[in-house]
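Enquirer: Starting off with a structure, shown below.
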Amino acid sequence: GQQVMQIPQYQHVQEGEDFTTYCNSSTTLSNIQWYKQRPGGHPVFLIQLVKSGEVKKQKRLTFQFGEAKKNSSLHITATQTTDVGTYFCAGTDTGNQFYFGTGTSLTVIP
Amino acid sequence: EPEVTQTPSHQVTQMGQEVILRCVPISNHLYFYWYRQILGQKVEFLVSFYNNEISEKSEIFDDQFSVERPDGSNFTLKIRSTKLEDSAMYFCASSEGPMAASYEQYFGPGTRLTVT
């Protein structure tokens, strides 16, 4: 069945370091969304990418959708303690089924 | 800012009992969703609902689950005969338009269901 895997599962960084999480789908996605979930909280929508090769930026966050629409990445420049949480990618496959990735838990050490 | 609300925040039930989880989506939203998240794991899609009917459902959403919009504001998830493995956080979400058309989903705070 469809799988959306993220690596790494956990990442600890010093405040100010960069962070990247990678999202890989076993099948082609029609779109990809990214969410942030703080510990004990609910997923909060960050962005959606639709086009092959699309890149979007939100301040220190850069999101990329792969050319084959099977992978995506989220890069955070100069992490801050407020970036702590689990980052999930989520995508819709061609059968209109929606899958969340396995998540990357980010810890920022001050 | 409008938000999705869910009640109760925590529900404890015995195995085999029926539970109803309630959600009030954002008022002008037309698309509604239920997800579950087992502790420490990823979020799993259960079902999407539009125009008073299910539009998509996952393989998790079997016959023990049902959804309803009983009035103009509430959206409910019923689990008919709970099992231990139903213990999870259940999130409701809503959006103005369909996910496929780039509409943002807004998640509620969740209901933690514990089945004993």
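Enquirer: Along the Cα→Cβ direction, 7 angstrom out, place labels at residue A:67 and residue A:44. What is the inter-label distance in nm?
Expert: 3.6 nm
Enquirer: Would you work out which of A:102, A:52, A:82 lies farthest towards the positive end of the dipole of segment A:4-109? Charges go on Cβ: Lys and Arg +1, Asp and Glu -1.
Expert: Working it through, the farthest residue towards the positive pole turns out to be A:52.
Enquirer: Let me ask something else. Any idea of the total accessible area buried by the A-B contact, 1.4 Å probe, rounded to 100 Å²?
Expert: Counting protein atoms only, the buried area is about 1500 Å².
Enquirer: Work out the length of the dipole vector of segment A:4-109 about its Cα centre, built from +1 on the beta-carbon of each Lys and Arg and -1 on the beta-carbon of each Asp and Glu, and round it to the nearest 20 debye.
Expert: On the way: 9 positive and 7 negative charges, 54 e Å.
With Lys and Arg at +1 and Asp and Glu at -1, about 260 debye.
Enquirer: Sorted from largest down, give the three principal axis spans of the alpha carbons of segment A:4-109, whole angstrom values.
Expert: 40, 26, 20
Enquirer: Determine the relative contact order of chain B: mean sequence separation of Cα pairs under 8 Å and six or more apart, normalised by residue count, in whole percent.
Expert: Relative contact order here is 38 percent.
Enquirer: Enumerate by residue number the trypsin sites (Lys or Arg not before Pro) in segment B:35-116 meeting two conditions: DSSP loop (anything except H, G, I, E, B), and at most 15 other Cβ atoms within 10 Å of the site's Cβ.
Expert: B:80, B:83
Enquirer: Let me ask something else. Go through segment A:24-70 and flag every residue whose accessible area shrinks by 40 Å² or more with all protein chains in place compared to the isolated chain (probe 1.4 Å).
Expert: Those are A:42, A:43, A:45, A:48, which lose 40 Å² or more relative to the chain on its own.
Enquirer: Moving on. Alpha carbon centre of segment A:51-110 versus segment B:36-95: separation in Å?
Expert: 25 Å
Enquirer: On average, how many beta carbons from a partner chain sit within 10 Å of the beta carbon of a residue in B:99-107?
Expert: 6
Enquirer: Follow-up. Pop out the ³J(HN,Hα) list for segment A:10-21 in order, Karplus 6.51 cos²θ - 1.76 cosθ + 1.60 with θ = phi - 60°, rounded to Hz; leave Gly and Pro as x.
Expert: Once rounded to whole Hz, the list reads 9, 9, 10, 10, 6, 3, x, 7, 8, 9, 9, 10.
Enquirer: Mind checking the per residue accessible area of the protein assembly as shown for me, 1.4 Å probe, whole number of Å²?
Expert: Per residue, the protein assembly as shown has an accessible area of 49 Å².
Enquirer: Express the carbon and sulfur contribution to the solvent-accessible surface of segment B:34-116 as a percent, rounded to the nearest whole number, probe 1.4 angstrom.
Expert: 45 percent
Enquirer: Let me ask something else. Which percent of the accessible area of chain A is formed by carbon and sulfur heavy atoms (probe 1.4 angstrom)?
Expert: Heavy-atom surface of chain A belonging to carbon and sulfur, 1.4 Å probe: 52 percent.
The values are calculated or read from the model by the stated rules, or taken from the named source; none is laboratory data. This structure is a prediction, so every number in the text was calculated from the model and none was measured. Neighbour counts run over all protein chains shown; Cβ positions are idealised from the backbone, glycine included. Surface accessibility is based on the protein's heavy atoms, side chains included, excluding ligands, DNA and RNA. Shrake-Rupley method; radii C 1.70, N 1.55, O 1.52, S 1.80 Å.
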